[in-house]
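Everything on this sheet refers to the single structure shown next.
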Amino acid sequence: MARVPITDEIRKELIAHKKRTGVGPVELLKNNKKPSGSSVKGWLRGTIKTVPKSELYYVLLLRAFLPEGPYIPLTQEIRDMLMFLNYGLLCRIDKI
């Protein structure tokens, strides 16, 4: 498999997409086998110097199509609050 270097320009592009979207490498690739999020972290840090061309293009395409961020993580506390608010609204609607 052909490998390509992670140049400073590519690293800057990856970092810019990370900042733009608020999505880190692990979250971006959590449902994929290759490349792993920890591998992409190495790309960003500069500890991994070359990567398979197909993996690089895959990550760049994923990043390019993500919407602007950053987003607030949906924690269990926020989910509980939303459920509580939703329940309260439903109860009020039933009384109308």
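Odds and ends about this structure:
- For V51, residues with placed amide H under 5 Å, excluding near neighbours: V4, I6
- About its Cα centre, region 3-70 has a charge dipole of approximately 200 debye under the convention of +1 per Lys or Arg Cβ and -1 per Asp or Glu Cβ, with nothing else charged.
- Phi to ³J(HN,Hα) by Karplus 6.51 cos²θ - 1.76 cosθ + 1.60 over region 45-56, Hz, x for Gly, Pro: 6, x, 7, 9, 9, 9, 9, x, 3, 4, 5, 4
- Kirkwood Rh (inverse of mean 1/r, distinct Cα pairs), region 3-70, angstrom: 11.7
FYI, it's all coordinate maths here, none of it is from the lab. Keep in mind it's a predicted model, so treat the numbers as computed, not measured. Using ideal geometry, Cβ is built from the backbone for each residue, glycine included, and neighbour counts are taken over all protein chains shown.
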